[in-house]
Amino acid sequence: MSGGGRRRLDFGFSPCPNDTFAFHAAVHGELPELRGLQLIPHLADIEELNRRAVGDDPLPVTKLSVGALARVCHRYAVLPAGAALGRGVGPLVVGRHEVPNRDGVPALRGRVAIPGVGTTAWLLLRLLLPCDGFEAVELRFDRILGAVERGDVDAGLIIHESRFTYADHGLEKLCDVGELWEARTGLPLPLGLIAARRDLEPGVHQALGRALRVSVERAFAEPAASRAWVREHSQEMSDAVCDRHIALYVNEFSVDLGEEGRAALTELLARGRAAGLLADGPAPFRER
């Protein structure tokens, strides 16, 4: 408990503009929806959050990639708000020059940098592209563009704001993996979800879901309120890139997954499990 009597819960999410924008009110305001809870921000790269969730010290509330979520569905349940999910939001494959391409699918060779084996981006690449012709090299997401530009790797699988800046590095888009997903399923693409530990009481799950929804709604209604905090954690980005990042990744699905968002997540988990790429496990939602 804090000095004010509120129950403290660590909340893990990324320092990217979409998360700091969406969750500013949840961690800085005293939202009535939290009902005596206080969310303590724990900012880290998504792959670090993924690893912590599957390890021995899982955060009570955390953002997770779909691949990591599949491994911990017994431990976590997805909340209805706060997701990064939508259309036109998928990871890209970039390189210094074009490669042979058939029906939008490039024939990747050599070394390909990926942002982590637990990321949704890597799951999608393995589901949608042939992956037997290259070696995957794990790098933190913000180091991939430089590695491709220098020739340390032959191509890179990029996420977050890198999709807005790869051309500044003289790189070409080889494939939009999100477009392949949408074309084959007709569904939006789930990238990251907010999940709470299943050992938290049902009332806490409900309060968290309501609070995150209100936090996103406040972010849309009062964008200036989070501006300084967003900029504090995105100092290497221009204001224009920050704004594009937020506009792309924070949307109606961030307010509420809804039936379509739940269907998209269920489909990606089912395809990954059927392909042997994801661990089997229970449904990701906590039903009342």
Note on region 244-288: residues among the acidic types (D, E) and touching a Ser or Thr at 6+ places or on another chain (Cβ under 9 Å) are E267
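Residues are listed down the side, and each one gets a yes or a no for (1) among the hydrophobic types (A, V, I, L, M, F, W, C); (2) outside the structural domain of I144 (by TED's automatic domain parsing):
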{"position": "D19", "(1), (2)": "no, yes"}
{"position": "A25", "(1), (2)": "yes, yes"}
{"position": "I46", "(1), (2)": "yes, yes"}
{"position": "G55", "(1), (2)": "no, yes"}
{"position": "P80", "(1), (2)": "no, yes"}
{"position": "V105", "(1), (2)": "yes, no"}
So which of A53, A26 ends up being within 16 Å of R218 (Cβ to Cβ) and of a type outside the set (D, E, K, R)? A26
Just need a number here: residues in region 88-119 that are in a strand (DSSP E or B) and in contact with an Asp or Glu (Cβ under 7 Å, 6 or more places away or on another chain). 7
If we scan region 86-93, do we find a residue that is of a type in the set (A, V, I, L, M, F, W, C) and surrounded by fewer than 18 Cβ atoms within 10 Å (Cβ to Cβ)? no
Of (1) in the same structural domain as R75 (by TED's automatic domain parsing); (2) basic (K, R); (3) farther than 13 Å from F21 by Cβ, R227 satisfies every one except (3)
Odd one out for R197, checked against (1) surrounded by 24 or more Cβ atoms within 10 Å (Cβ to Cβ); (2) touching a Pro at 6+ places or on another chain (Cβ under 8 Å): (1)
Which listed residue is assigned to a helix (DSSP H, G or I), farther than 29 Å from V99 by Cα, more than 19 Å from the chain's Cα centre (by Cα) and at pLDDT below 95, from A247, A207, A240: A240
Would you pick out the residues in region 36-69 that are hydroxyl-bearing (S, T, Y) and farther than 18 Å from G272 by Cα? T62
Considering only region 142-158, I want to know if a residue exists there that is under 25 Å from E267 (Cα atoms) and not charged (D, E, K, R). yes
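The values are calculated or read from the model by the stated rules, or taken from the named source; none is laboratory data. The model shown is predicted, which means the values in this text are computed figures rather than measured ones. No Cβ is skipped: glycine too gets one built from the backbone with ideal geometry, and neighbour counts run over all protein chains shown.
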